[in-house]
Amino acid sequence: MRSLNKLIEKYIKRYPSETSAIDILKFLENKDCFSKSNHEGHFTGSAWIVSPDKEYILMTHHKKLGMWLQLGGHADGEQNLFKVALREAKEESGIESFICLDEEIFDVDIHKIPNSKGSIGHMHYDIRFLLEADPASSNIVVSEESYDVAWIPFQKVLDLNSEPSIERMLKKTMQLKKITKTQWLF
């Protein structure tokens, strides 16, 4: 996998209107940006997990944040954020087998994590990758970090979380659905 710097630069070219990617590229220059010891903020890796037909999204009802989100977590020093996303997807869902649909970054987001027990408020610089798993053959195990992990029907995702980054990832998924259907017709 190419360096994070190169992946972000390519993402910026692909999605020039998403200005947060430029801020993420700048943040990459900070010391300890992959470690929770950086109290300003740190990198996280997430997985946007779709079903093969792109009709379902695997999401977690996160305990600490009380929200339905994509699966993901802290880099903990790991600089390959795809590895982080894959590790977190496995840990948080119990699913062991995923298909990587694209080696490029699927989405990026910068968001504030509020103060909580043992943690001061800080920023997450989240790098998201696109994975696929089959709901029919996925045996979900809910981790201690979640209230629930479930396959959410595409059209119900925004009912659970209407944040702009979730809506943006759904729009990107819709583009994938169009490409898949177009390819299937030929």
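In table form, for the structure just shown:
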item: Segments classed as helices (runs of 4 or more DSSP H), wholly inside the stretch 78-186, with at least 2 members that are charged (D, E, K, R); result: 81-93, 164-185
item: Answer residue from the stretch 18-33, given it is β-branched (Val, Ile, Thr) and modelled with pLDDT of 95 or more and is farthest from HIS124 (Cα to Cα) among those; result: ILE22
item: Failed criterion for ILE12 (all others in (1) under 25 Å from LEU176 (Cα atoms); (2) surrounded by fewer than 13 Cβ atoms within 10 Å (Cβ to Cβ); (3) not basic (Lys, Arg) hold); result: (2)
item: Residues of the stretch 114-129 satisfying the condition of being open to solvent by 20 Å² or more (accessible area, probe 1.4 Å) and of a type in the set (A, V, I, L, M, F, W, C); result: ILE120, MET123
item: Extreme residue, farthest from ILE24 (Cα to Cα), among residues of the stretch 42-87 that are basic (Lys, Arg) and open to solvent by 60 Å² or more (accessible area, probe 1.4 Å); result: LYS63
item: Filter pass, LYS156 being open to solvent by 30 Å² or more (accessible area, probe 1.4 Å), in contact with an Asp or Glu (Cβ under 7 Å, 6 or more places away or on another chain), more than 30 Å from PRO16 (Cβ to Cβ) and at pLDDT 95 or above; result: no
item: Qualifying residue in the stretch 10-21 (condition: assigned to a helix (DSSP H, G or I) and among the β-branched types (Val, Ile, Thr)); result: yes
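The values are calculated or read from the model by the stated rules, or taken from the named source; none is laboratory data. Only a predicted model underlies this, so the values are computations on that prediction, with no experimental measurement involved. Methodologically, a virtual Cβ is constructed for each residue, glycine included, from the backbone with ideal geometry; neighbour enumeration extends over all protein chains shown. Ligands, DNA and RNA are excluded from the accessible area calculation, which covers all protein heavy atoms including side chains. Shrake-Rupley method; radii C 1.70, N 1.55, O 1.52, S 1.80 Å.
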